[in-house]
Amino acid sequence: MKILLPVDGSDCALRAVDHLIAHSAWFREVPEIHLLHVHAPIPIGRVQAHIGKETLQAYYLEEGQEQLSAAQARLDASGHFHTTHIHVGQPAEVIAKIAGELKCDLIVMGSHGRSGVAGLVMGSVASRVLHLASCPVLLVK
């Protein structure tokens, strides 16, 4: 079974990680876990004039690794092998796309994250993933 586990570094996302670890016995076989962080894109416009593409990519990678570190530590401590992915884009769309590309059987994610006021106005990432994903989505409070 392939499971996509998107995280944004929030407490709620880490509860989803803990939930997956605690309930891994639900699965007949050891799940193939794909840990994903999606960084919202920085508007390129004037930024590109001051920093290079390589610098921007390094920033996305560094930020992504930082957001994944707590989840990785918990999975490592529990003995759950995982593959990490860092992408840039609109989180809900990228989560659904990656789940499809990897042929995931399940997405396990927190019910809310770090989107703040933007999430209230535009709708949460979790609710958009529910609409976009072609596989089941388990939301953890």
Checklist entry - Using a Gaussian network model of the chain with C-alpha springs under 10 Å, which one of His50, His19, His112 is most mobile by mean-square fluctuation? => result His50
Checklist entry - Roughly what would the spin-label model give for Asp105 and Leu56, points 7 Å off Cα along C-beta, in nm? => result 3.9
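I'd like the carbon and sulfur percentage of the solvent accessible area for region 1-112, probe radius 1.4 Å, heavy atoms only, ligands and nucleic acids excluded. Before the final figure, lay out each step's value.
Numbers: 3360 of 6080 Å².
That share works out to 55 percent.
Please give me, ordered by residue number, the GluC sites (Glu not before Pro) of region 22-111 that lie in loop per DSSP and have at most 16 other Cβ atoms within 10 Å. Please report the intermediate quantities before stating the final value.
Values: sites: Glu29, Glu32, Glu54, Glu62, Glu63, Glu66, Glu93, Glu101; in loops: Glu29.
Answer by residue number: Glu29.
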Checklist outcome for this item: the chain, Gaussian network, Cα under 10 Å: of Ala40, Ala77, Ala16, the residue fluctuating most is Ala77
Checklist entry - GNM on the chain, C-alpha springs below 10 Å: top fluctuator among Asp11, Asp105, Asp76? => result Asp76
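Relative to 2.2 N^0.38 Å, what does the C-alpha radius of gyration of region 1-72 come to as a ratio? Two decimals please.
Numbers: Rg = 16.0 Å, N = 72, 2.2 N^0.38 = 11.2 Å.
My calculation over the Cα atoms of region 1-72 gives 1.44.
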Checklist outcome for this item: Computed over the chain: longest principal axis from alpha-carbon atoms vs helix 11-22 long axis, angle to nearest 10 degrees, is 30
Next on the checklist: Please list, by residue number, every one of the trypsin sites (Lys or Arg not before Pro) in region 1-94 that is coil in DSSP and has at most 16 other beta-carbon atoms within 10 Å.
Outcome noted: Arg28, Arg46
Checklist entry - Of all the stretches in the chain, which is the longest one without any exposed loop site, taking chymotrypsin sites (Phe, Trp or Tyr not before Pro) in a DSSP loop (any state but H, G, I, E, B) with at most 15 other Cβ atoms within 10 Å? => result 82-141
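Given a Förster distance of 25 angstrom, what is the FRET efficiency for Ser134 paired with Phe27, based on the Cβ-Cβ distance and rounded to 0.05? Numbers along the way, then the final one.
Working: r = 20 Å, r/R0 = 0.78.
Plugging the Cβ-Cβ distance into 1/(1 + (r/R0)^6) gives 0.80.
Report, as a whole number in µm² per second, the diffusion coefficient that Stokes-Einstein gives for the chain at 25 °C and 0.890 mPa s using the Kirkwood radius over alpha carbon pairs. Numbers along the way, then the final one.
On the way: Rh = 15.5 Å.
Answer from the Stokes-Einstein relation: 158 µm²/s.
May I ask you to derive the FRET efficiency for Gln90 and Ser10 from their Cβ-Cβ distance with R0 = 25 Å, giving the value to the nearest 0.05? Intermediate values should be presented prior to the final figure.
Numbers: r = 17 Å, r/R0 = 0.69.
Here the calculated transfer efficiency is 0.90.
The values are calculated or read from the model by the stated rules, or taken from the named source; none is laboratory data. Not measured: the values here are computed from a predicted model. Cβ coordinates were reconstructed from backbone atoms using ideal geometry, including for glycine residues, and neighbour counts include every protein chain displayed. The accessibility values were calculated without ligands, DNA or RNA, using every heavy atom of the protein model including side chains. Shrake-Rupley method; radii C 1.70, N 1.55, O 1.52, S 1.80 Å.
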